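Asker: Sharing a structure here in structure tokens format.
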Ligand SMILES: [Ca+2]
Ligand SMILES: [Ca+2]
């Protein structure tokens, strides 16, 4: 009976290898805000803890951008089927000019919170508009980054960096909430598939 199960599992696994997909929610390795005091193009202040970690603001005297970086080293060599950044921007102060607008960038990160991440080169990944009548709901983020993430994986990036830039003027504080994830589905490359297959066989043989 054991051998029958073993052969059955092996067959199913081999037949199914090309169709196997895995899903994973990757939490942020680091979350931070960078401020350009004076809003003059030179970032000056890094915040990676406390209430104002995640601050997003654009006024004449300051611009604050919120950033996170996700460890994507486990995705090396994989084919990305689907990838999205899922999170939430909340309100901190309803003053200022409405609607509020934001742009989202994806960049090759390193897992470290740095001043330079404020304007390090990246790709525009999307945008959001927050109308005043949506005040209690905040701004949900559900951003498809499948193609951009595949580009980072193919380029051997260790981390995917995600940056929120306020683009409307007189944009008073918004806050990127904790719990943001990179939700990814991928097809394991053959070596990984064989390792997973090996794990299944080991599990069966232990019974
Ligand atoms: Ca400055
Ligand atoms: Ca960084």
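The values are calculated or read from the model by the stated rules, or taken from the named source; none is laboratory data. Predicted model, so just to flag it, every value in this text is computed and none were measured. So basically every Cβ, Gly included, is an ideal-geometry build from the backbone, and we count neighbours across all protein chains shown.
Asker: Could you check the stretch 32-46 and list, in sequence order, the residues that are touching a strand residue (DSSP E or B) at 6+ places or on another chain (Cβ under 6 Å), over 13 Å from residue 59 (Cα atoms) and part of a loop (DSSP other than H, G, I, E, B)?
Answerer: 43, 44
Asker: Could you figure out which of (1) at positive phi; (2) within 18 Å of the chain's Cα centre (by Cα); (3) surrounded by fewer than 20 Cβ atoms within 10 Å (Cβ to Cβ) isn't true of residue 54?
Answerer: Of everything listed in (1) at positive phi; (2) within 18 Å of the chain's Cα centre (by Cα); (3) surrounded by fewer than 20 Cβ atoms within 10 Å (Cβ to Cβ), residue 54 misses just condition (3).
Asker: In the stretch 74-118, how many are over 13 Å from the mean Cα position of the chain (by Cα), within 16 Å of ligand 2 (Cβ to nearest atom) and not in a loop (DSSP other than H, G, I, E, B)?
Answerer: So the count comes out to 4.
Asker: Find the residue count for the stretch 26-46, including only residues that are surrounded by fewer than 18 Cβ atoms within 10 Å (Cβ to Cβ) and either within 9 Å of ligand 1 (Cβ to nearest atom) or within 10 Å of residue 115 (Cα to Cα) (or both).
Answerer: 9
Asker: Moving to a separate point now. In the stretch 128-144, is there at least one residue being in the same structural domain as residue 33 (by TED's automatic domain parsing), within 16 Å of ligand 1 (Cβ to nearest atom) and more than 16 Å from residue 172 (Cβ to Cβ)?
Answerer: Step one: list which residues in the stretch 128-144 are in the same structural domain as residue 33 (by TED's automatic domain parsing), which gives 128-144.
Subset that is within 16 Å of ligand 1 (Cβ to nearest atom): none.
No: the stretch 128-144 contains no residue that is in the same structural domain as residue 33 (by TED's automatic domain parsing), within 16 Å of ligand 1 (Cβ to nearest atom) and more than 16 Å from residue 172 (Cβ to Cβ).
Asker: Can you tell me which of 81, 115 is over 19 Å from residue 145 (Cβ atoms) and either in contact (Cβ under 8 Å) with a residue 12 or more places away in the chain or surrounded by fewer than 16 Cβ atoms within 10 Å (Cβ to Cβ) (or both)? Explain how you work it out, then say what you get.
Answerer: Values: 81 fails: over 19 Å from residue 145 (Cβ atoms).
It is 115.
Asker: Kindly provide the set of residues from the stretch 93-112 that are surrounded by 16 or more Cβ atoms within 10 Å (Cβ to Cβ), modelled with pLDDT under 95 and out of contact with any helix residue (DSSP H, G or I) (no Cβ under 9 Å at 6 or more places or on another chain), ordered by number.
Answerer: The one that is surrounded by 16 or more Cβ atoms within 10 Å (Cβ to Cβ), modelled with pLDDT under 95 and out of contact with any helix residue (DSSP H, G or I) (no Cβ under 9 Å at 6 or more places or on another chain): 96.
Asker: Continuing with the same structure: What residue, among those in the stretch 119-137 that are more than 16 Å from ligand 2 (Cβ to nearest atom) and crowded, with 16+ Cβ neighbours inside 10 Å, is modelled with the lowest pLDDT? I'd like the intermediate steps shown before the answer.
Answerer: Just the residues of the stretch 119-137 that are more than 16 Å from ligand 2 (Cβ to nearest atom), to begin with: 124-137.
Filter again for crowded, with 16+ Cβ neighbours inside 10 Å, leaving 125-126, 128, 130.
Numbers: 125: 98, 126: 98, 128: 94, 130: 90.
Checking each candidate, the answer is 130.
Asker: Next question, about the same structure. Can you give me the number of residues within the stretch 143-158 that are surrounded by 15 or more Cβ atoms within 10 Å (Cβ to Cβ) and under 16 Å from residue 111 (Cα atoms)?
Answerer: Count: 5.
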